[in-house]
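> The structure is given below, and queries will be raised subsequently.
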Amino acid sequence: MLKVLLVEDEVYMRKGIIKLVDWNGRGFVIYREASNGQEALEILRKEHIDVVITDIKMPVMDGIELIRRISEEFENRPAVIIISGYNEFEFAKAAIRYGVNDYLLKPIDEAELIQTLERIKTRILNEREYHRRKNLFEYLKRNSRFMRMIEFDEVSTIEQFETNDTTRWMGIGKKEDLQYEDDLTICESLLEVEKEVNIKFANKGIDFRCYWDSFFNIILIIETEQKNKKNQVIRQVYEHVTKRLNLQSIVFDEIKSFQNIHSFYKQLLKKLSFAQFYEKIGVIEATQIEDFEMYIEDKKLGSELIKLIEERKCEEIRYKLSQFFDECHNKKISPEIIKGYILLTLLEVIDYFEVYQLFEADSLKFIYRSSLQKSKFIEKVMEILLQIAEYVTEATKFNSSSFMKKIELFIKENYNKDITIKSIAQQFYINPIYLGRMFKKHFNMPFNKYLHILRIEQAKKLLLKTDKKIYEIAKEVGYNDTDYFALKFEEYVGKSPSKYRSSMIGETNY
C-alpha cells in the first residue's frame, strides 16, 4: 500500500476526499492527516510518506511553502498532488516550479482523482523497481569484487580495500538454503539485513557489509574506528545477524592486513567448519578455536567395524563410531581429515563385503557437506553400516553346507545348460555377488572354473564310453563352440579331446 498524507485545513473537505474513492482498492491508504503545512512537515520528518495531497490556502503554513520545504529538505521526495480552486491558478503555477505536476481543481471529480492516483502509482512503482534493480546490480558488482579478493587473492582489488584509518573484522557463517535461491533473491535478503544492522547500530560508529561466497557462506564485514577495535559492539552485531539469518554459528576475527586476506579467509572457513561439525553454537571468536591436528594415528576403525558387522553387534557399531568421534574431538582433529578418513573406512567395509550394488554413485555425497554436524554425520554413517549389516545378516541365512549342497545339485543337473552365477542366484533368491563369494569359499574355486571342470569331466566320460563325434560331445556338455571346448579341454587335461580319446583307448587295448 502507498501511504498518503492528506493536508487540508477544513475537516469536512478531508472527510469528503477520504470517502470519494476506494483507497485500499486502488493500492493506497490514508496514512496520516494534517490541517496545515507545518503539521504535515513534522509528519514527513518522522515517517515515510509516498504521496502528499495538499490544499494551497491554509493557516500557519500554506501548501506552496510546504511544497518548497519538501523540495529543499527531502532527498527522496514524496509525490505531491495540489488541490486548488480556479482563482488559485497562479499559486498552482508556483508549485509547478518546485516539480509538482499533478493538481486537481475544486470541486474534486472522482474520475479525475482516480486517474491521477493511478498515474502516480505507476510512476512510483516504476521508480521503485528501477532503484531496486540498480541497487541489486551495484550490490552484485560489490560482492563480485570482494569475492575476487578473498577467494582468488586478486591484488588490484585488495588495494581498493586496504586502509590504515579503520579496523575491520570478518565473520563467517553458513546458510546452506542460499543455494536454492537465485542471485537477486540472495542480494535482496542480504541488503535488507545490511540496512537493518546499519540503522540499529547507527550510533555505535560502525559500517556493516554483507557478502556471500561461492560455497554459500555469509561473509560479514564490520568496519570501526581504530579506537573502537575492542568494542563489544562487534559481538553484538554478529549476535544480531546470527538470529536474523538463523545461523548456527559465526566465527569472527580481526583482519590484520588485506594483503593476507585470502589465507585469512581460508583459515576462518576451516574454523567455521570445525565449529559447525562439533556443534558449537553462537558467535565464536576465532582465537577460541585452537589449531587442529591434520593426522589420524589410529587406522584400525575399518577392521573393527568389519568384525562387528560380521558378529552382528549393531549397538557396538554405534558405540565404536561415537568413541572414535569423541577421540577426534578431544585431539582437535580437523573435520576435513575426519571426513576423508571416514570415506576411506566406508569404502574398505564396502569392498570387504563386496556390497557395491547397495550404493548409488551419490550415496556417500553427504560426507562432503561442510555444514553437517557431528551427530547427524554419525547417523548418516550408521545408516550405511546398518544397511551393510542387514544385508550380511540376510545373506548368511544361506551360508550353510546344506544350502551349498542344493546349489551343487542344481549345477550338476543343469551343467550342460546356459547357467551363470547370476541365473542360479535368481533361482534361489540370493544376491549374485554374495553367492559368488560363498561358492568360492565353499568349493575353493570360482564358479566358472568349477563349471568348466564339471563339463570337462563329463566330456572325458563320453569320449571313452561313446563313439560320438567331438562337436556332439561339446554340445552335450554345454559348449556350443567346438573350438572353445577343445581349448578349455586342453587347458584342463593337457591334450586335445581327440588325442585324449586315442591315448586312453590305446592304453585300454594294451
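> Hey, can you tell me all the residues within segment 236-255 that are within 20 Å of the chain's Cα centre (by Cα) and either of a type in the set (Asp, Glu) or assigned to a helix (DSSP H, G or I) (or both)?
Listed by number, the residues that qualify are Val241, Thr242, Lys243, Arg244.
> Can you say whether Gln458 is under 24 Å from Tyr391 (Cβ atoms) and polar (S, T, N, Q), as far as the supplied structure shows?
Details: under 24 Å from Tyr391 (Cβ atoms): no; polar (S, T, N, Q): yes.
The answer is no for Gln458.
> Of everything in segment 401-449, what is assigned to a loop (DSSP other than H, G, I, E, B), farther than 17 Å from Glu354 by Cα and within 42 Å of the chain's Cα centre (by Cα)? Give them in sequence order.
Tyr429
> Restricting to segment 222-235, count the residues that are modelled with pLDDT of 85 or more, within 12 Å of Thr167 (Cβ to Cβ) and part of a helix (DSSP H, G or I).
Residues that pass the stated criteria total 2.
> In the list Glu254, Glu297, Glu285, Glu293, which residue meets the criterion of being out of contact with any helix residue (DSSP H, G or I) (no Cβ under 6 Å at 6 or more places or on another chain) and within 20 Å of Glu194 (Cα to Cα)?
Glu254
> Would you check which residues across segment 463-482 are within 19 Å of Asp418 (Cβ to Cβ) and crowded, with 19+ Cβ neighbours inside 10 Å and list them?
Step one: list which residues in segment 463-482 are within 19 Å of Asp418 (Cβ to Cβ), which gives 471-482.
Of everything in segment 463-482, those that are within 19 Å of Asp418 (Cβ to Cβ) and crowded, with 19+ Cβ neighbours inside 10 Å turn out to be Ile473, Ala474, Val477, Gly478, Tyr479.
> Also: Given the conditions (1) under 19 Å from Tyr103 (Cβ atoms); (2) without any contact (Cβ under 8 Å) to a residue 60 or more places away in the chain; (3) of a type in the set (A, V, I, L, M, F, W, C), which single one is not true for Leu20?
Condition (2) is where Leu20 drops out.
Rundown of residues vs (1) of a type outside the set (Gly, Ala, Ser); (2) part of a helix (DSSP H, G or I), yes/no style:
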{"site": "Leu454", "(1), (2)": "yes, yes"}
{"site": "Ala459", "(1), (2)": "no, yes"}
{"site": "Ile473", "(1), (2)": "yes, yes"}
{"site": "Gly478", "(1), (2)": "no, no"}
{"site": "Tyr484", "(1), (2)": "yes, yes"}
{"site": "Phe489", "(1), (2)": "yes, yes"}
{"site": "Ser498", "(1), (2)": "no, yes"}
{"site": "Met504", "(1), (2)": "yes, yes"}
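> If you don't mind, another one. So if I check each of Glu290, Glu360, which one is part of a loop (DSSP other than H, G, I, E, B), of a type in the set (Asp, Glu) and under 25 Å from the mean Cα position of the chain (by Cα)?
Glu360
> Can you give me the ranges of the helices (runs of 4 or more DSSP H) entirely in segment 37-107 with at least 1 residues that are of a type in the set (Gly, Ala, Ser) and modelled with pLDDT under 90?
In segment 37-107, 63-73, 89-97 are the helices (runs of 4 or more DSSP H) which contain 1 or more residues that are of a type in the set (Gly, Ala, Ser) and modelled with pLDDT under 90.
> Also, quick follow-up: Can you run down the residue pairs with Cβ atoms below 6 Å, 6 or more apart or on separate chains, where the first is in segment 187-199 and on the phi < 0 side of the Ramachandran plot and assigned to a helix (DSSP H, G or I) and the partner is hydroxyl-bearing (Ser, Thr, Tyr) and surrounded by 14 or more Cβ atoms within 10 Å (Cβ to Cβ)?
What qualifies is Cys187/Tyr139; Leu191/Tyr139.
The values are calculated or read from the model by the stated rules, or taken from the named source; none is laboratory data. Values in this document were obtained by computation on a predicted structure and should not be read as measured data. Backbone-built Cβ (ideal geometry, glycine too); neighbour counts: all protein chains shown.
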